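Step one of this worksheet: look at the structure below.
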Amino acid sequence: MTRSTVRILFTSAGRRVELTRCFRRAAEALGLRAEIHACDFYPDLSAACLDADRAFAVPRCTDPAYVEHLLDHCRRERIDLLVPTIDTELEALALTRDSFAAAGTRVHISDPETVAIVRDKARTIAVLGEAGVPVPRSAPAEHVRVAPGEWRWPAFVKPVGGSASRGIGVLEGPEDIALAYAEPMLVQELLRGPEYTVNMYIDAAGRMLSAIPHRRLTVRAGEVEKGRTTRDPRFVAIAAGIAAALPGARGVLCFQLIDDPDRGPCVFEINARFGGGYPLADHAGGRYAESLLAGFAGLPECATQDWREDVTMLRYDAAVFHG
């Protein structure tokens, strides 16, 4: 990083304009200028790429050449920080973070074991449950199929490795379990009650500095559309339990829970990255993006619990024009 400019690359940037602008404001608060780089499979069709200072095309993140394309850009453009935005690229980036470090680029990512756990929803439930974090009863679909009498119906089903609400559904009874699925599926007890996301920040020493819950008032395509920050000590305690259960977690993570009237709050999902609703935590005063950049400026990480409650985010459709 130069004295006045920090170069940040957002991968699979898509529509993450709000996230890139959080980093622009964070850099300004530190007396820096953020030079935003963004990439996507179709950068000309990505709002975040068109809003960035520099944008370029990459193969799909499942392509073996994906990481090398990113490394080439990081070396050539002297990228300081790489921020991934989707689950499917996390494993490859976690496994190659040392290569990026050798190029002078820090990848905002947890260690490979943590990423492997959170990318597998069955492992997530097992690891958290063993650590005492409240989770819903869960089992592979094929196990439930042979012992349906041991379950209460209806139940919930989702892909073990899914994201963005892909493939989720409600099973009204055991007869709804398919004889075969295209991918491994997990059945969980059906939780009822309000749903929350908790954005959390874990510093370089593994300490949780902040946890900011918001209620997901409405959701569109798996991301919060309307949300409101809320203080609940139960949710903060759960965040601390997750940090303890995942000692290799670093930086920003988020998790979802449902506050069931009978079971209490139960965690059903973790994302080891900035979630789509992070801008609400940022606006409420969490300072997570600023905390990541502070390390480059030789300053202490500054993510905080001094954030505002009852801050509401109402998203709407906006347009980016090109040409």
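Prolate is the label for region 107-159, because the ratio a/c of its alpha-carbon gyration tensor axes (a ≥ b ≥ c) is 1.5 or higher and a/b is greater than b/c.
Within the shell of other residues whose beta carbon sits under 14 angstrom from the beta carbon of ALA178, the net charge comes to -3, with Lys and Arg scored +1 and Asp and Glu -1. Taking the C-alpha atoms only, the angle from helix 17-29 to the longest principal axis of the chain is near 50 degrees. In terms of other Cβ atoms within 10 Å, HIS37, HIS108 run from fewest to most in the order HIS108, HIS37. With θ taken as phi - 60° and the Karplus curve 6.51 cos²θ - 1.76 cosθ + 1.60 applied, the whole-hertz 3J(HN,Hα) list for region 93-98 is 6, 5, 6, 10, 4, 5 Hz, x standing for glycine and proline.
All Cα-Cα separations within the chain were binned at 10 Å from zero, giving a P(r) of 6, 26, 35, 24, 9, 2, 0, each value a whole percent of the pairs. Its Cα gyration tensor gives region 171-229 an equivalent ellipsoid, and the semi-axes of that ellipsoid, as √(5λ) in whole Å with the largest first, are 32, 18, 11.
First check a/c for region 273-315, with a ≥ b ≥ c the square roots of the eigenvalues of its C-alpha gyration tensor; if it is under 1.5, answer rounded, and if not, answer prolate when a/b is larger than b/c or oblate otherwise. Note, shape of region 273-315 comes out oblate. Taking the chain as the reference, fit the longest principal axis to its C-alpha atoms, fit the long axis of helix 233-245 to the helix C-alpha atoms, and give the angle between the two in degrees, 0 to 90, nearest 10. The answer is roughly 80 degrees. Angle of helix 66-77 to the longest C-alpha principal axis of the chain, folded into 0 to 90 degrees and rounded to 10: 30°. If you run the Gaussian network model on the chain, springs between alpha carbon atoms under 10 Å, then out of ALA180, ALA57, ALA272 the most flexible one is ALA180. What's the whole-number percent of alpha carbon pairs in region 137-189 lying beyond 16 angstrom? Distances greater than 16 Å cover 29 percent of the Cα pairs. Taking other C-beta atoms within 10 Å as the exposure proxy, ILE109, ILE177, ILE8, ILE212 rank ILE177, ILE109, ILE8, ILE212 from fewest upward. Taken over region 47-132, the convex hull of the Cα atoms encloses 117 Å³ per residue. Would you mind telling me which residue in GLY14, GLY193, GLY251 has the biggest mean-square fluctuation in a Gaussian network model of the chain, where springs connect alpha carbons within a distance under 10 angstrom? Maximum fluctuation in the GNM of the chain, among the listed residues, is at GLY193. Put simply, the Cα atoms of region 5-109 extend 37, 31, 23 Å along their principal axes, the longest span coming first. Among TYR42, TYR181, TYR316, the order by Cβ neighbours within 10 angstrom, fewest to most, reads TYR316, TYR42, TYR181. Relative contact order for the chain: 16 percent, from Cα pairs under 8 Å spaced at least 6 residues apart, divided by residue count. Of the two radii for region 118-262, the radius of gyration is 0.98 times the Kirkwood radius, both from the alpha carbons; that is the Rg over Rh value. Each 5 Å bin from zero holds the following percent of Cα-Cα pairs in region 1-62: 4, 21, 29, 20, 14, 8, 3, 0. A P(r) calculated from all alpha carbon pairs of region 246-294, with 10 Å bins opening at zero, reads 22, 43, 29, 6, 0 percent. Of the residues ASP203, ASP87, ASP44, the one that moves most in a GNM of the chain with alpha-carbon contacts below 10 Å is ASP44. For region 107-112, putting each phi into the Karplus relation 6.51 cos²θ - 1.76 cosθ + 1.60 with θ = phi - 60° gives couplings of 8, 6, 7, 7, 6, x Hz, in residue order, rounded to whole numbers and with x for Gly and Pro.
Only the coordinates and a few stated rules stand behind these numbers; no lab work does. Quick caveat, the model's predicted, so the values are computed rather than measured. All Cβ positions, even for glycine, are placed from backbone atoms using ideal geometry, and neighbour counts span all protein chains on display.
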